[in-house]
Each structure stands twice: as structure tokens, then as C-alpha cells.
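Notes for the one structure printed next.
The values are calculated or read from the model by the stated rules, or taken from the named source; none is laboratory data. Quantities reported herein were computed from a predicted structural model and do not represent experimental measurements. Note that we place each Cβ from the backbone using ideal geometry, even for glycine, and neighbour counts take in every protein chain shown.
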Amino acid sequence: MTTPDVVRARLDVAVPFAIDGRGRTAAVGYDDHVRDMIELLLFTRPGERVMRPDFGCGLADLVFEPNSPELAASLQSSVQASLQRWLGDVIDVVSVEVDSEESILRILIAYLVRATGAQRADVFTGRTP
């Protein structure tokens with residue numbers, strides 16, 4: 001079994017894939033890797049992945065939807081369900097808040113990283129017309 005200190009010291013490949021200043025594969029700490037996984041889940045369209053056609057949250061599909069409180073409420077439910085389904089073994093979701101202001105959707109996700117015990121709150125933004 002791994003201890004939180006060992007997991008914190010571990011580096012994972014940065015998502016999206018990038019090359020660092022030394023010409024090597026960019027790496028991030030585990031907690032940042034988990035944040036990258038959440039962002040990937042949010043902005044992946046269902047059907048986009050061949051081997052996992054139901055993976056994703058579909059936030060990118062909302063690009064042409066008018067921004068409204070109803071859209072924000074629907075999205076909050078969708079995000080919560082996707083996080084539970086795909087990352088439920090990695091994080092414990094504390095809260096999901098979706099705020100719609102003009103053409104910007106802000107998604108605040110508060111969560112606990114199970115492996116390290118780190119509590120985080122990250123904001124993800126998407127634009128709508």
C-alpha cells in the first residue's frame with residue numbers, strides 16, 4: 001500500500017501532453033495530475049473516445065447553447081454524475097457549483113484526492129455564445 005508522501009512525490013505525465021524545457025515529457029505532481037484528469041473529463045465529448053464511447057461530460061457540446069440558469073443547473077447534475085462515475089475511485093467530490101455569467105460558465109469543483117488526502121477546489125471555465 002502506498003503512503004500519501006510516496007504518492008505526493010510521484011510524478012505523472014502532464015495532460016495535455018507537452019514537452020518541458022529540457023526536451024523531455026512534461027511531468028506534474030499527483031494532485032495536479034488529478035486536476036488534469038477532471039479537466040479532461042469535463043471537456044471530452046461523449047463518443048469522442050473510440051474505446052470508451054460513453055466517457056466524458058459533454059461540456060464542449062454546450063458551445064452553441066444559450067447561457068441560462070437552467071443550463072447551469074443541468075450541467076451541475078451532469079458534472080456531478082460524470083465525476084462519480086469516472087473518477088469516483090480517485091476523488092471524493094465535496095461540491096460542484098456552476099455559475100453562469102453572460103457568455104462564461106464557471107464550474108467550481110471542491111474535492112478530496114483519496115491517495116494523498118489533499119483537499120482542493122478548482123475552477124474550470126467554458127465559453128458559450
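Can you name every residue in the range 86-127 that is over 17 Å from E39 (Cα atoms) and outside any strand (DSSP E or B)? Before you say what the answer is, go through the steps one by one.
Residues of the range 86-127 that are over 17 Å from E39 (Cα atoms), as a first pass: 100-103, 114-118.
Of everything in the range 86-127, those that are over 17 Å from E39 (Cα atoms) and outside any strand (DSSP E or B) turn out to be E102, S103, R114, A115, T116, G117, A118.
Find the residue count for the range 18-39, including only residues that are in contact with a helix residue (DSSP H, G or I) (Cβ under 9 Å, 6 or more places away or on another chain) and in a helix (DSSP H, G or I).
Matching residues across the range 18-39 total 5.
Anything in the range 64-76 that is of a type in the set (S, T, N, Q) and either surrounded by 12 or more Cβ atoms within 10 Å (Cβ to Cβ) or modelled with pLDDT of 95 or more (or both)? List them, or say none. So that I can check it myself, show each step before the final result.
The first filter runs over the range 64-76 and keeps only residues of a type in the set (S, T, N, Q), leaving 67-68, 74, 76.
Within the range 64-76, N67, S74, Q76 qualify.
Take the residues in the range 92-119 that are hydroxyl-bearing (S, T, Y) and surrounded by 13 or more Cβ atoms within 10 Å (Cβ to Cβ), then tell me which one is modelled with the lowest pLDDT.
Quick first cut of the range 92-119, residues hydroxyl-bearing (S, T, Y) only: 95, 100, 103, 111, 116.
Keeping just the survivors that are surrounded by 13 or more Cβ atoms within 10 Å (Cβ to Cβ) gives 100, 111, 116.
Working: S100: 73, Y111: 97, T116: 91.
Ranking the qualifying residues of the range 92-119, first place goes to S100.
Could you pull out the residue among D89, D122 that is surrounded by fewer than 17 Cβ atoms within 10 Å (Cβ to Cβ), in contact (Cβ under 8 Å) with a residue 60 or more places away in the chain and within 18 Å of L40 (Cβ to Cβ)? Break it down into steps so the answer makes sense when it comes.
Values: D89 fails: in contact (Cβ under 8 Å) with a residue 60 or more places away in the chain.
None of the other options fit; the residue is D122.
Is it fair to say P16 is at pLDDT below 90 and touching a Phe, Trp or Tyr at 6+ places or on another chain (Cβ under 8 Å)? I'd like the intermediate steps shown before the answer.
Details: at pLDDT below 90: yes; touching a Phe, Trp or Tyr at 6+ places or on another chain (Cβ under 8 Å): no.
For P16, the condition - at pLDDT below 90 and touching a Phe, Trp or Tyr at 6+ places or on another chain (Cβ under 8 Å) - is not met.
Run L42 past the list (1) in contact (Cβ under 8 Å) with a residue 12 or more places away in the chain; (2) not in a helix (DSSP H, G or I) and report the number of the one that doesn't hold.
Answer for L42: the failing condition is (2).
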